[in-house]
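Asker: One structure coming up, written as C-alpha cells, with questions to follow.
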Amino acid sequence: MSFKSGFVTILGRPNVGKSTLLNTIIGEKVSIVSPKPQTTRNKILGIYNSQNAQVVFTDTPGIHSSANKLDEYMQKSIDTAKQGVDVLLLVLDGTKPIKQGDIDWINSFSKYKNVIVVINKIDDTSFEKLYPQLSKLNDLEHVKEIYPISAKTGKNVDELLKNIIDLLPEGVPYFDQDSYTDKSVRFMIAEIVREKALWLLQDEIPHGIACEVIEYKEDDKKVVIDLDIICERDNHKMIIIGKKGSMLKEIGTRARQDIEKLLGKKVFLNIFVKVRADWRNKESYVESVGYNKTDL
Ligand SMILES: Nc1nc2c(ncn2[C@@H]2O[C@H](COP(=O)(O)OP(=O)(O)OP(=O)(O)O)[C@@H](O)[C@H]2O)c(=O)[nH]1
Ligand SMILES: [Mg+2]
C-alpha cells in the first residue's frame, strides 16, 4: 500500500477555532484553546499518524495587525507557515456573516495549489442561517473544497481529513511516527498554564502574560516544576495572585491536572508571578519567554 505524507497549514482570523480543529484531528491537546482572541502565539506542529499516512499540521496565530514585538513575531510565524505547504486550510467562523474581506482573503491564496475552505462552528448555527453564507463562496475558482464542520463535536472532521490525505503526495514520514508534536514538554507545560490563566483572568490581562518553565526535576514517582508567569504591571500581578492567593491557586490546580495527564505522573507545580514592564515590546524579553526567532 502506498504511504502519503505532507504539510498542511491552518490559517484564519483569531478565535475561529483553528487550534480546536488541530486538537480534534490529532486527538490530543496539542495547541491551547480559549474564548479569547490571539490565544495561539506561534507555529505549533500537530502530527497525525496512521498506517498509511503522516500529516504534519501547522497551527498558526490568528491574523491581526502588528503593534509590538510579540505581534511581529506572531505575524512572522504566520508568514513562514505558508511556505512549502501541500494543503492550506482557511478557516472561517460559520456563526458570523461572511464578509467581502473574507472573500478577498481567500482569493489572496490563488497561487496555492490545494486550498480548502473550512466553515467551523456549525454546531452553533442553523442550516437556514448557514446556507446564505455558503452561497457567497460559490465563485471561488481556486478552492478545491468547502467543508462545513464542527471542530468541537467532530462533525465532518473525518471527511475533511480524508480529503486532505487524498491531496497529499506519496512520500515517507517526516517525523517519528510515535510523536504528535514538535514542541518540548517544557513548552507544553508553559502553554497549559497560560491556557488556564486565559480562561480565568479578566480581559485586559491575558495578552500581557507569558509563562516560562524555570526548573523541571523528575524522578520515578513525581515531577517538580517551577514556573514563572510574567506580566506587565504590579496591579496585574495582584490580580493574577488574587485574594489571599486564590486566583493563583485556581490556575495552578487546573494546570496541574492537565500536566499530570500529559506526563502520567504526580506533579508538584510551583508558580511565581513576576513583573517585566512592557515585555511584549522588548525583543530580548519576547525571546526569553520562548518565542525564539530560530523557531520561525
Ligand atoms: N460552538 C463551537 N465553538 C468552537 C468550535 N471550535 C472552536 N470553538 C470555540 O471557539 C473559541 C476559540 O477557539 P480556538 O481553537 O482557541 O480558536 P483559534 O482560531 O485557535 O484562536 P487564536 O489562537 O486566538 O487565533 C473557543 O472558545 C472554542 O471552544 C466549534 O466547532 N463550535
Ligand atoms: Mg489558536
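Just so it is clear, none of the values below were taken in a lab; they were calculated from the coordinates. All values derive from a computational prediction rather than experimental measurement. Because the Cβ atoms are built from the backbone with ideal geometry, glycine has one as well, and the counts that use them run over all protein chains shown.
Let's see how each residue does on (1) within 6 Å of ligand 1 (Cβ to nearest atom); (2) out of contact with any strand residue (DSSP E or B) (no Cβ under 9 Å at 6 or more places or on another chain); (3) within 13 Å of Pro61 (Cβ to Cβ):
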position	(1), (2), (3)
Pro14	yes, yes, yes
Thr20	yes, no, no
Asn23	no, no, no
Ser31	no, no, yes
Lys36	no, yes, yes
Thr40	yes, no, yes
Ile44	no, no, yes
Tyr48	no, no, no
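Asker: Within the group Phe7, Phe57, which residue is crowded, with 23+ Cβ neighbours inside 10 Å and either within 14 Å of ligand 1 (Cβ to nearest atom) or more than 24 Å from Ala210 (Cα to Cα) (or both)?
Answerer: Details: Phe7 fails: crowded, with 23+ Cβ neighbours inside 10 Å.
Selected residue: Phe57, the only one of Phe7, Phe57 that is crowded, with 23+ Cβ neighbours inside 10 Å and either within 14 Å of ligand 1 (Cβ to nearest atom) or more than 24 Å from Ala210 (Cα to Cα) (or both).
Asker: Output the residue which, of all residues in segment 106-134 that are polar (S, T, N, Q) and surrounded by 17 or more Cβ atoms within 10 Å (Cβ to Cβ), is nearest to ligand 1 (Cβ to nearest atom). Full working, then the answer.
Answerer: Going residue by residue through segment 106-134, those that are polar (S, T, N, Q) are 107-108, 110, 114, 120, 125-126, 133.
Going one step further and asking which of them are surrounded by 17 or more Cβ atoms within 10 Å (Cβ to Cβ), we end up with 114, 120, 125, 133.
Values: Asn114: 21, Asn120: 5, Thr125: 9, Gln133: 15 Å.
Among them, the one singled out is Asn120.
Condition check ((1) free of Cβ contacts under 8 Å to residues at least 60 places away in the same chain; (2) of a type in the set (Asp, Glu)) across all residues:
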position: Ile251; (1), (2): yes, no
position: Glu260; (1), (2): yes, yes
position: Val267; (1), (2): yes, no
position: Glu283; (1), (2): no, yes
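Asker: So which pairs qualify, if the first residue must be in segment 176-192 and of a type outside the set (Ser, Thr, Tyr), the second must be part of a loop (DSSP other than H, G, I, E, B), the Cβ gap must be under 6 Å, and the two must be at least 6 apart or on different chains?
Answerer: These pairs meet every condition: Glu191/Ile32.
Asker: Here's something else I'd like to know. Every residue in segment 32-44 that is touching a residue at least 40 places away in the same chain (Cβ under 8 Å) and crowded, with 20+ Cβ neighbours inside 10 Å, please.
Answerer: Residues of segment 32-44 touching a residue at least 40 places away in the same chain (Cβ under 8 Å): 32-36, 38-39, 41-44.
The answer is Ile32, Val33, Thr39, Arg41, Asn42, Lys43, Ile44.
Asker: Of the residues in segment 26-48, how many are within 14 Å of ligand 2 (Cβ to nearest atom), within 21 Å of Gly84 (Cα to Cα) and not in a loop (DSSP other than H, G, I, E, B)?
Answerer: Qualifying residue count, segment 26-48: 3.
Asker: A further question follows. Applying the selection to segment 79-96, what residues are within 16 Å of ligand 1 (Cβ to nearest atom) and either touching a strand residue (DSSP E or B) at 6+ places or on another chain (Cβ under 7 Å) or among the acidic types (Asp, Glu) (or both)? Full working, then the answer.
Answerer: Residues of segment 79-96 within 16 Å of ligand 1 (Cβ to nearest atom): 79, 81-82, 88-96.
Residues satisfying the conditions are Asp79, Ala81, Lys82, Leu88, Leu89, Leu90, Val91, Leu92, Asp93, Gly94.
Asker: Is it true that some residue in segment 11-19 is of a type in the set (A, V, I, L, M, F, W, C) and part of a strand (DSSP E or B)? Step through it out loud before you land on a result.
Answerer: Filtering segment 11-19 for residues of a type in the set (A, V, I, L, M, F, W, C) gives 11, 16.
Applying the additional criterion that residues be part of a strand (DSSP E or B) yields 11.
Scanning segment 11-19 turns up at least one residue that is of a type in the set (A, V, I, L, M, F, W, C) and part of a strand (DSSP E or B).
Asker: Looking at (1) near ligand 1 (Cβ under 8 Å from one of its atoms); (2) in contact with a helix residue (DSSP H, G or I) (Cβ under 7 Å, 6 or more places away or on another chain), which one does Lys69 not meet, given that it meets all the others?
Answerer: (1)
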